[in-house]
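See below for the structure under consideration.
The values are calculated or read from the model by the stated rules, or taken from the named source; none is laboratory data. Computed from a predicted model, the values in this text were never measured in an experiment. Cβ placement follows ideal geometry from the backbone for every residue including glycine, while neighbour counts extend to all protein chains displayed. All accessible areas refer to the heavy atoms of the entire protein, side chains included, with ligands and DNA or RNA removed. Shrake-Rupley method; radii C 1.70, N 1.55, O 1.52, S 1.80 Å.
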Amino acid sequence: MEGGGALLKKPFLENGNGAGVSSPPPPPALIFSTFVAVCGSFTYGCAISFSSPAQDGITQDLGLSVAAFSMFGSVLTVGGMIGALFCGRMTAILGCKYTMWLSQVFCSIGWVAIALAPSSWWLDMGRLSIGFGVGFLTYVVPIYVAEVTPKDSRGAFSYANQLLTNCGCSIVFLVGNFISWRTLALMGLVPAILQLVGLFFIPESPRWLAKVGRGKEFEASLHWLRGNVDISQEKEEIVNTMNFLKEDSNAKVMDLFQKKYAYSLTVGLGLMLLQQLGGSSGVSFYASGVIEKAGFPTSTGTIIISFIQVPSAAAGLFLMDFAGRRPLLMVSAGGMCFCSFLMGLSFILQSLNLLKDLTPILTVLGLTAYIAAFSIGVAGIPWIMMSEIFPMSVKALAGTLVALVNWSSSWLVTYTFNFMLQWSPAGTFFIFALVCGAMVMFTWKWVPETKGRTLEEIHASMAGCLH
């Protein structure tokens, strides 16, 4: 396998069609629909970053041990795993809109439970409820955005998912330095309420409506999302694809492992595993612990991180449909590899009492750059690819499987992260560096370029790649 993989057809590895062709500006209806959807991503960002600034306050107020707080942090991923088991089937039955609405109900209940928690049990139950909700959201938001946007702007719109996730992280990291953890939990209700209200004013995914045979609503949704443009060609492509897929509408779990889906499944599962095993969730959940371990002021370090996350995600958004998925993913994973190695090296120097004044700065610099590199590509692209590479006939089953793998590996990393830091901070980040390096190689050999292609074109190409 050479130059991106002999198994892959060369045109599929290169940039998609339409490069250099200007497209009309997106209609306001599409922008609004995307904004409402990615409010769920904002909720997810608040959830994954909450444990970092809240760690000192919660452990002091409720007397939690390291093990108990690790359980609180990682129980979010347990809820995510439970949500992942049902997200695909729930979306297939209810549609994207009602699945997002249901998700935010669970998130709202969880935030209230944490804000009012008198004991660790309430904390864990609230965190579990939020995890269940965001387990749905991490699947359904990129699916909805990918299905409502045209091919020429799908990458940028889909990466708005990651931009809003980073906005949630940044606000929690920043504001968490100045308010109590209970007030910070109540802040998580804001994006939840925004989405709960906004969902009443946006249409359902036209592809889902076509799949379930609601033809008039399908046309109305597509017209509303596209504005004053001719939708006849796109409408015909979607209808023809849905008619073709009707024969597979009752797909079973074992159908996923047919040869025609092997390539899609390899890419989806590989990206999700490598994204998490590279340490991203551990760093997001316990950034303040890493900063404290390095001997750097925690509040200053988290403020620095809060200011870098949004610009880096914005850079990924603008580069997505310009550079393509593959190059951005390789650059992002390569940056994470280098930064993990830098943090491991700085902790070695610290253990040897060398460069005492420099090692805390090196660690925080590496941590900040790691988060920036992650935000540019690895954070969002696996979810975008998941929403693009699986056909509607197996999207629910495949999405459930890859989301479950993502949340399961996230639980493994978040639960063990604090114990790994106690074992060896340097060893922890050297392991992450190896995984991130493996992700660069995996992307180069296996991951296709989907930029500039309709979902129907992508599915046809993926099915033929192993023949």
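Please list the helices of the chain that count as membrane-span-like by this rule: a mean Kyte-Doolittle hydropathy of at least -1.0 together with Cα atoms stretching 30 Å or more along the helix axis, each helix being a complete DSSP H run. Intermediate results must be reported in sequence, preceding the final value.
On the way: long enough: 28-62 (47 Å, 0.77); 66-94 (41 Å, 1.63); 120-148 (41 Å, 1.01); 154-175 (32 Å, 0.87); 298-323 (36 Å, 1.28); 325-351 (39 Å, 1.11); 392-423 (46 Å, 0.83); 425-446 (31 Å, 1.37).
Length and hydropathy pass: 28-62, 66-94, 120-148, 154-175, 298-323, 325-351, 392-423, 425-446.
Using only Cα atoms, locate the centre of the range 336-381 and the centre of the range 286-314, then give the distance between them in Å, rounded to an integer. Answer, in whole Å: 11.
Per residue of the chain, what 222 nm ellipticity follows from adding -39500 (n - 2.57) for every DSSP H run with n ≥ 4, rounded to the nearest 500? Let's see the in-between values first.
Numbers: 21 runs with 362 residues, N = 467.
Result for the chain, helices only: -26000 deg cm²/dmol.
When the listed pairs Lys259/Lys395; Lys216/Lys451; Lys259/Lys445; Lys211/Lys235 are checked against a 23 Å cut-off, the alpha-carbon distance exceeds it for Lys216/Lys451.
Taking only the C-alpha atoms of the chain, Rg followed by Dmax gives 21.5, 71 Å.
Cross-link reach is defined here as a Cα-Cα straight distance under 19 Å, omitting same-chain residues fewer than 8 places apart; for Lys151 the aspartates and glutamates meeting it are Glu14, Glu204, Glu219, Asp230, Glu234, Glu236, Glu237, Asp321, Glu388, Glu449, Glu456, Glu457.
Could you work out the relative contact order of the chain, using alpha carbon pairs under 8 angstrom and six or more residues apart, expressed as a whole percent? Show your work: numbers first, answer last.
Working: 779 pairs, mean separation 131.0, N = 467.
Here the relative contact order equals 28 percent.
Compute the accessible area per residue over the range 177-244, keeping the other protein chains in place, probe 1.4 Å, unit Å².
Values: 3700 Å² over 68 residues.
Using a 1.4 Å probe on heavy atoms only, each residue of the range 177-244 averages 54 Å².
Working ranking of peptides 333-342, 271-280, 412-421 by packing, defined as the average number of other Cβ atoms within 10 Å per residue, highest first, is 271-280, 333-342, 412-421. Peptide packing: for 374-383, 313-322, the average count of neighbouring Cβ atoms within 10 Å per residue gives the ranking 374-383, 313-322, highest mean first.
Run the accessible area of the chain with a 1.4 Å probe and give the carbon-and-sulfur part as a rounded percent. The computed percentage sits at 69.
For the range 257-298, the solvent-accessible area with a 1.4 angstrom probe is 30 square angstrom per residue. A simple packing score, the average count of other Cβ atoms within 10 Å per residue, orders the peptides 222-234, 431-443, 111-123 as 431-443, 111-123, 222-234, with the highest score first.
A 1.4 Å probe run over the range 368-467, with the rest of the protein chains in place, finds 27 Å² accessible per residue. Length, then width, then depth: along the principal axes, the Cα atoms of the range 89-220 run 51, 28, 22 Å.
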